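A quick write-up on the structure given underneath.
Every number in this text was worked out from the coordinates using simple rules, so none of it is lab data. As the structure is a computational prediction, the values presented were derived from the model and not from experiment. Cβ sites come from the backbone with ideal geometry, for glycine too, and all protein chains shown count toward neighbours.
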There are 2 protein chains.
Amino acid sequence: MLHDLLVQNIEKHLQFSNTELDIICSYFKPKVIQKRDFLLTQGSICKFEGFVLEGCFRIFTIDKKGNESTLYFASKDWWLMDIDSFMNQIPSDLNIQALEDSKVLLISRSDKTVLYNQLPTIDKLFRIMSQKALVAWQRRLIRNHTLTAKERYLHFIETYPEIAYKLTDKKISSYLGITHEFLSKIKKLHKKE
Amino acid sequence: MLHDLLVQNIEKHLQFSNTELDIICSYFKPKVIQKRDFLLTQGSICKFEGFVLEGCFRIFTIDKKGNESTLYFASKDWWLMDIDSFMNQIPSDLNIQALEDSKVLLISRSDKTVLYNQLPTIDKLFRIMSQKALVAWQRRLIRNHTLTAKERYLHFIETYPEIAYKLTDKKISSYLGITHEFLSKIKKLHKKE
DNA sequence: TTGCATAGTTGAACTTGTTCAACTCTTTTA
DNA sequence: TAAAAGAGTTGAACAAGTTCAACTATGCAA
């Protein structure tokens, strides 16, 4: 019940027996996060990997000049973590903040190690998931290099309408890598056409 | 002998027995590529995954306006492929071109499938390699959003001096996401300081 | 060795995107 | 429910980066 969405998500990538799914799910503990609360803050070490059951999160960094840059958004059925901090156990550059009241399933780093040892096929699952994520990052870099800010904006709202409608323009602009003032001007000019 | 560098590279990520290493290596076939020749061209489907033994490659795309955008460079001890085209068996957006006479080890898609079945721990190897690659992409996106063109240039030549010295400024600029004229101006102003 | 293609430089005009400040509108909190 | 904080808009001045064109330098092939 609680783990239904997780099971569905996993089975999109790889088939498991019910026994295996039960083992996997047993390590993922539910956690409720209130709007505006943080699951991870810049400077601390990421000790979990998470899967979103309800709500929406923003994963972002604040640079020396104080500008926010959003890496990605994670709503229902998305995974979230700082993989850099989680893998290398170094202080994170990222903040993970709930944009609304949310519910996640978390697996701790130590439990993930146990799971890898207990169920070797889990490597295949995360191998496939990581490779799909690599494809997404590669495509995003190409878009960042070849599209204008306006094209990137239109691509974003067309590709992720269910996420975009929840977001303020300030947050969308920080994902696109532009200022919110400029996004406002893009939208104004776009309407006139 | 031929596979020594590959073995060393693999063992940086995960330990294998000699028997296992022999199996893995048996699927990687050497191929010599001459300067300026292509290992993959835009529009064709990527049927291999490669590891560079000698030389240097550029992985880039050409957009509708005719502008080149470089995803990355791969010299000795680097992996190279279009993971998007390889995984999804769709026409590639990328070109992989030798910048000098080069030598690679290639594993075909079908052999990789055989290898995954024959040696399940190979999933763990590629899981780890993919996760490290994800870390690199994540860091690059943050740099692209938070650093100026000049800062990105300095970061690149400091981080990859052995690659950078082989490259023309035109190729470096297409990696940084700026025009080669602008890179020329950046370098001029930088020298004066 | 000449000639041709490619790489790099520079300047001027231009476009894209930023900064700052002022203002309006909406949402949150006391 | 008032006030404060945050989100969005707009304009003007500015900075970052592009485009185009002309030129120089370098490497490569006949």
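Restricting attention to region A:171-193, which residues are among the charged types (D, E, K, R), free of Cβ contacts under 8 Å to residues at least 24 places away in the same chain and under 22 Å from B:ARG143 (Cβ atoms)? Across region A:171-193, there are no qualifying residues. Restricting attention to region A:101-137, the residues that are away from chain B (no Cβ under 13 Å) and not basic (Lys, Arg) total 11.
From the list A:LEU99, A:LEU115, A:LEU94, the one residue that fits, being farther than 28 Å from B:LEU71 by Cβ, under 17 Å from the mean Cα position of the chain (by Cα) and not acidic (Asp, Glu), is A:LEU99. Working only within region B:7-27, note down all residues that are of a type in the set (Phe, Trp, Tyr) and assigned to a helix (DSSP H, G or I). Listed by number, the list is empty, since nothing qualifies. Selection within region A:158-191: residues that are more than 15 Å from A:LEU71 (Cα to Cα) and of a type in the set (A, V, I, L, M). The member of this set that is surrounded by the most Cβ atoms within 10 Å (Cβ to Cβ) is A:ILE186.
Looking only at residues of region A:138-182 that are within 14 Å of another protein chain (Cβ to nearest Cβ) and basic (Lys, Arg), we find that the one that is nearest to DNA strand D (Cβ to nearest atom) is A:LYS171. Filtering region A:45-93 to residues that are facing chain B (nearest Cβ under 10 Å), under 16 Å from A:PHE126 (Cα atoms) and not β-branched (Val, Ile, Thr) leaves A:ASP82, A:ASP84, A:PHE86, A:MET87. Remark: B:ASP63 falls outside the filter, which requires a residue to be under 16 Å from the mean Cα position of the chain (by Cα) and over 19 Å from B:ILE163 (Cα atoms).
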